[in-house]
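*Asks:* One structure coming up, written as structure tokens, with questions to follow.
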Amino acid sequence: MKSEIKIVGNALPHIPWENKPTGYPYVMWRCSKNPIIGWNPIPCAARIFNSAVLPYEDAFIGVFRADYRNGRPQLHLGRSRDGIKWQIEHEKMAWQNESGQPVGNSYAYDPRLVRIEEDFYITWCDDFPGASIGMGRTCDFKQFIKMENPLMPFNRNGVLFPRKINGLYVLLSRPSDSAHTPFGDIVLSYSPDLTYWGKHRLVMTRGGQGWWQGLKIGAGPTPIETTAGWLLFYHGVSFTCNGYVYSFGAALLDLDAPHKVLYRTRDYLLTPEKEYEVSGFVPNVCFPCAALCDAAGGRIAVYYGAADTYTAVAFCQLDELLAYMKANSEVF
Ligand code: BMA
């Protein structure tokens, strides 16, 4: 029986999609074309991963994390007709301030991309100095305006909700340190104008029974509005004797008070298993930063970085995912 719960949004008939392989027992399955972006994809960059995409006009657009051959990451724009084959621009995105003056940066990584009303907003990890959340906007993907940093350092994984809630913009973030942060919980903040942020609330903490999320957690793609709550994919990290392992799970947040967690996956949905996830520049990383949704079919395609080297895609169906989350939830 089909559930009555729906994605709030538009139909996306051309969403990249593959049906679940027959007999596959889990709720999330990988795209057979993975990895969709491999080593040395453009002349300046050795690796493109942890990137964000959206439907745009009758195709797709994305902001990509490109790690240069000197090791530093920058943001590049990319376009695709099918969401799988991407043409990434060879020059990094050029930012200007509100007065039209060019602004540079020393690095930028882990972008998220969201449409709010008529504008598109990009959040990323910026150098404030030190890891902090950068925020910018565009209305045409030609001119990019860097806005004020919303929060003080150190912070990462800034993710905006796609609409105001009770008249306020909402930003998820993960307070951190300036290095490889051995802790981290997800909080949210409200703003009337995308400049001044406050009313900070704890959303959820690391830990619980799920050792996969025992060390730290961080928001992934833009939350997906459903009639039952906001669906948030998030990464969770476990600390092993061989280093960090990045998996991802999901939570359902209350529609009107999104710091309230309704369900949360006790087990991961996806963990590094495939060669392109367990082996690369940083082994054992699955790091989701974007999701495309087809509201008509309840289909969701999650884009994730694999091993800090590749871009990959995994699929799920809203009905099946929510039923699984309800039956296997641990909220703490
Ligand atoms: C985190 C971020 C991510 C990266 C992950 C694994 O701290 O820097 O960009 O994918 O580490 O290296």
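The values are calculated or read from the model by the stated rules, or taken from the named source; none is laboratory data. What you are looking at is a predicted structure, and each value in this text was computed from that prediction instead of being measured. Note that we place each Cβ from the backbone using ideal geometry, even for glycine, and neighbour counts take in every protein chain shown. Accessible surface is based on the protein model in full, side chains and every heavy atom, while ligands, DNA and RNA are left aside. Shrake-Rupley method; radii C 1.70, N 1.55, O 1.52, S 1.80 Å.
*Asks:* If I ignore ligands, DNA and RNA and count only protein heavy atoms, how much of TRP17 is accessible to a 1.4 Å probe, in Å² to the nearest 10?
*Replies:* Surface open to solvent at TRP17 totals about 60 Å².
*Asks:* Per q in 0.23, 0.28 1/Å, what log10 I(q)/I(0) does a Debye calculation on the alpha-carbon atoms of region 7-55 return?
*Replies:* Values, matching the q order: -1.06, -1.15.
*Asks:* Provide the descending list of Cα extents for region 43-99 along its principal axes, expressed in whole angstroms.
*Replies:* On the principal axes, region 43-99 reaches 34, 34, 17 Å in Cα extent.
*Asks:* Next question, about the same structure. In deg cm²/dmol, rounded to 500, what helix-only [θ] at 222 nm does the chain give when every DSSP H run of at least 4 residues adds -39500 (n - 2.57) and the total is split over its residues?
*Replies:* After summing the helix terms and dividing by the residues of the chain, the value is -1000 deg cm²/dmol.
*Asks:* Pairs of Cα atoms under 8 Å, at least six residues apart: use those to get the relative contact order of region 1-160, whole percent.
*Replies:* 14 percent
*Asks:* Of the listed pairs LYS92/LYS164; LYS85/LYS142; LYS260/LYS326; LYS20/LYS216, which have alpha-carbon separations greater than 25 Å here? If you can, show how the numbers build up before the last one.
*Replies:* On the way: LYS92/LYS164 30 Å; LYS85/LYS142 21 Å; LYS260/LYS326 15 Å; LYS20/LYS216 30 Å.
Those over the limit are LYS92/LYS164; LYS20/LYS216.
*Asks:* Which value, in Å², gives the accessible area per residue of the chain when a 1.4 Å probe is used on the protein heavy atoms?
*Replies:* 42 Å²
*Asks:* When each pair of different Cα atoms in the chain is counted once in the 1/r mean, what is the Kirkwood radius in angstroms, to one decimal? Write down the numbers at each step before the final one.
*Replies:* On the way: mean 1/r = 0.0510 Å⁻¹.
Answer for the chain: a Kirkwood hydrodynamic radius of 19.6 Å.
*Asks:* Run through all the Cα pairs of region 1-117 and give the fraction in each 10 Å bin from 0, expressed as whole percent.
*Replies:* Per 10 Å bin, starting at zero, the Cα-Cα P(r) for region 1-117 comes out as 11, 34, 32, 17, 5, 1 percent.
*Asks:* Here is a follow-up. Starting from the eigenvalues of the Cα gyration tensor, five times each then square-rooted, give me the equivalent ellipsoid semi-axes of region 97-183, largest first, whole Å.
*Replies:* Details: eigenvalues 92, 62, 20 Å².
Semi-axes, largest first: 21, 18, 10 Å.
*Asks:* Separate question: When the distances between all Cα atoms of region 219-332 are binned every 10 Å from zero, what whole-number percent does each bin get?
*Replies:* 15, 45, 31, 9, 0
*Asks:* If packing is taken as the mean number of other Cβ atoms within 10 Å per residue, what is the order of 266-274, 285-293, 222-230, highest first? Walk me through the numbers on the way to the answer.
*Replies:* Working: 266-274: 19.0, 285-293: 26.2, 222-230: 21.3.
My ranking of the peptides, most packed first, is 285-293, 222-230, 266-274.
*Asks:* Keeping the other protein chains in place, figure out the carbon and sulfur percent of the accessible area of the chain, with a 1.4 Å probe. Kindly include the intermediate steps, with their values, before the conclusion.
*Replies:* On the way: 7360 of 14020 Å².
For the chain, the apolar C and S fraction of the accessible surface comes to 53 percent.
*Asks:* Another question, then. On average, how much area does the Cα convex hull of region 181-250 cover when viewed from any direction, in nm²?
*Replies:* Projected over every direction and averaged, the Cα hull of region 181-250 covers 6.0 nm².
*Asks:* Also, I was wondering about something else. Could you work out the local net charge near ASN155, counting Lys and Arg as +1, Asp and Glu as -1, over the other residues with Cβ closer than 11 Å to its Cβ?
*Replies:* 0
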